[in-house]
Ligand code: NI
């Protein structure tokens, strides 16, 4: 079975057919999905979806690009919903220096604050890190993230950085990018990392794999990602799906 560890079904890209799409996943072999909060609004919607669909779980948190207006009251609210039954992680949180829309110091402040929250409520974290390799690693080391645990979502750095996070006990989230012909660095990371530390993710509606690159993504496309990982590891797509299913359950403590 397929476990989509990172999806945004609360996104407006799914407004027209969300229910039909979600109801079609089980027949296609997708057994579980975690809808990831990116802002306070999307976290609310993720919680609603988790209440409606038995196979869907929620992560609560605020993405670095949405952290500019955060307040302590918002952190208190995140804490208050983090104890709900189907909340499995704090995320996505981290640093994004690609979109220069929030000051680095502000991003860092709320990244640290949400790591502290995860530690307090004993949930793993979903980390977003783009063009911010060194600062992300420095903060996670300083915050003893090994004791928190979690996943580096849409892993986009090289082998050296992968080793740092694997040593920290983290999982690596692998999605559609691994099917791109020019994704040499990521393919090396997938070859290098132990199979029991990889999890499948879509980041849908974004990052659809080949042959749907550029189109709206959904969990239905994860078989292409499993196939690409299998080809790199010399095993079948089915073996990848089975292993990553077990890994995702360990990651989210289900
Ligand atoms: Ni995401």
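Read the figures in this text as sums done on the coordinates, not as results from a lab. The shown structure was predicted, so the numbers you read here are calculated from the model rather than taken from an experiment.
Quick notes
- Three-way shape label, segment 88-130, alpha-carbon gyration tensor, a/c 1.5: oblate
- Cα gyration tensor, segment 25-179 - rounded (a/c under 1.5), prolate or oblate: oblate
- Within the chain, helix-based [θ] at 222 nm, where runs of 4 or more DSSP H residues each add -39,500 (n - 2.57), nearest 500: -12500 deg cm²/dmol
- Prolate/oblate/rounded label for segment 105-174 (Cα gyration tensor, a/c 1.5): oblate
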